[in-house]
Amino acid sequence: MRRGRYKKVIGSGLAFSHAALERFPFVMRWDAARHPLPRRPVRAPARPRSVVLGNEAPPWLATGPAELAFDFCGHVQRLCCDIVARCPELHHIDASKLLFCMTQARTGRVHGLQARVTPLRFRNGGLRRRRHGIPYQVQRYIVDGQEMLYLVTFCLPRFLDQEFDGKFVTLFHELYHISPEFDGDLRRHSGRCQMHSHSKRTYDKHMAHLAREYLSGGADSSLHAFLRLNFAQLAHRHGRVEAVVVPRPKLLPIVVPETLTAAASE
């Protein structure tokens with residue numbers, strides 16, 4: 001669980017060429033008809049965890065047609081839509097402006113990155129900021145005509161191999177990072193620890209409380225049934241698990257290459 005970071009396209013002493021500007025556009029667009037979001041199968045870890053219950057998923061936990069690949073991002077989005085509608089502290093979130101995606105876990109370790117939220121705006125919702133005298137803009141992501149304000153990325157299959165309670169706490173943890181103004185920035189707490197307040201333990205306890213309130217408040221169990229299964233069980237039932245994969249947003253300079261060359265040489 002951590003805050004996402006941008007990738008800078010310009011490095012120290014390197015000029016930003018016209019070719020780089022073409023490779024990294026200021027606006028990334030996808031649409032279902034002509035250029036759909038790329039989806040990839042989730043690979044099993046090199047050292048998979050032992051599965052206590054076996055790979056057969058309980059038949060009463062519905063996860064969609066077994067003959068189709070399991071759409072992880074579609075299921076998470078539907079669940080998060082219900083969460084933000086039922087949880088008063090998350091009512092400010094418009095889930096249609098969240099882009100859910102995955103990053104592939106490189107090892108079978110249980111611990112490590114589970115998920116992250118990456119804002120697509122700077123502080124107070126700004127689209128641009130200046131660093132070392134150079135103005136930068138974060139890439140903008142537009143899906144089916146709707147501009148995204150946040151990327152919510154899950155590390156798979158690691159996230160799916162958590163216990164059920166851990167998965168729910170992770171979901172609330174990432175959603176709570178989103179600014180109350182829902183302006184593309186992150187929620188900022190007072191003091192030195194802006195992301196998790198003064199105590200990460202207190203922060204995590206609050207997320208667990210919100211998750212319990214949601215589950216005990218009449219939540220539709222069919223929306224979170226998939227979280228009661230691990231990766232091996234979902235893959236066994238559906239043949240494979242698929243998720244959206246998009247590039248990390250990049251910080252792009254918005255000045256002419258000649259200016260960048262001069263700045264890099266200073």
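Each reported figure results from applying straightforward, stated rules to the coordinates on display, with no laboratory input. All figures in this text were calculated on a predicted structure; none of them were measured in a lab. Note that we place each Cβ from the backbone using ideal geometry, even for glycine, and neighbour counts take in every protein chain shown.
Each Lys and Arg Cβ is given +1 and each Asp and Glu Cβ -1; about its Cα centre, the range 98-215 then shows a dipole of about 700 debye.
Near the amide H of F100, within less than 5 Å, lie the amide hydrogens of V152, all on another chain or at least 5 residues away, with H placed in the peptide plane.
With both labels modelled 7 Å from their Cα along Cα-to-Cβ, the D82 to R123 distance reads 3.9 nm.
Give me the number: length gained by fully extending D165 to V110, i.e. 0.36 nm times residue separation minus the C-alpha to C-alpha distance, one decimal in nm.
Numbers: separation 55, 0.36 × 55 = 19.80 nm, distance 1.47 nm.
Residue separation times 0.36 nm, minus the Cα-Cα distance, leaves 18.3 nm.
Available extension along the chain between A66 and D204 is 46.2 nm, counting 0.36 nm per residue and deducting the alpha carbon span.
For R130 and R188, the FRET efficiency from 1/(1 + (r/R0)^6), where r spans their Cβ atoms and R0 equals 25 Å, is about 0.80. Cβ crowding within 10 Å, taken as a proxy for footprinting-reagent exposure, orders I134, I178 from fewest neighbours to most as I134, I178. Taking other C-beta atoms within 10 Å as the exposure proxy, V76, V110, V169 rank V110, V169, V76 from fewest upward. In this calculation the C-beta distance from F26 to S221 is compared with R0 = 30 Å, giving a FRET efficiency of 0.10. Counting charges near R39 (Lys, Arg +1; Asp, Glu -1) among other residues having Cβ under 14 Å from its Cβ returns a value of +1. Over all other residues within a Cβ to Cβ distance under 12 Å of M28, the charged ones net out to +3, with Lys and Arg as +1 and Asp and Glu as -1.
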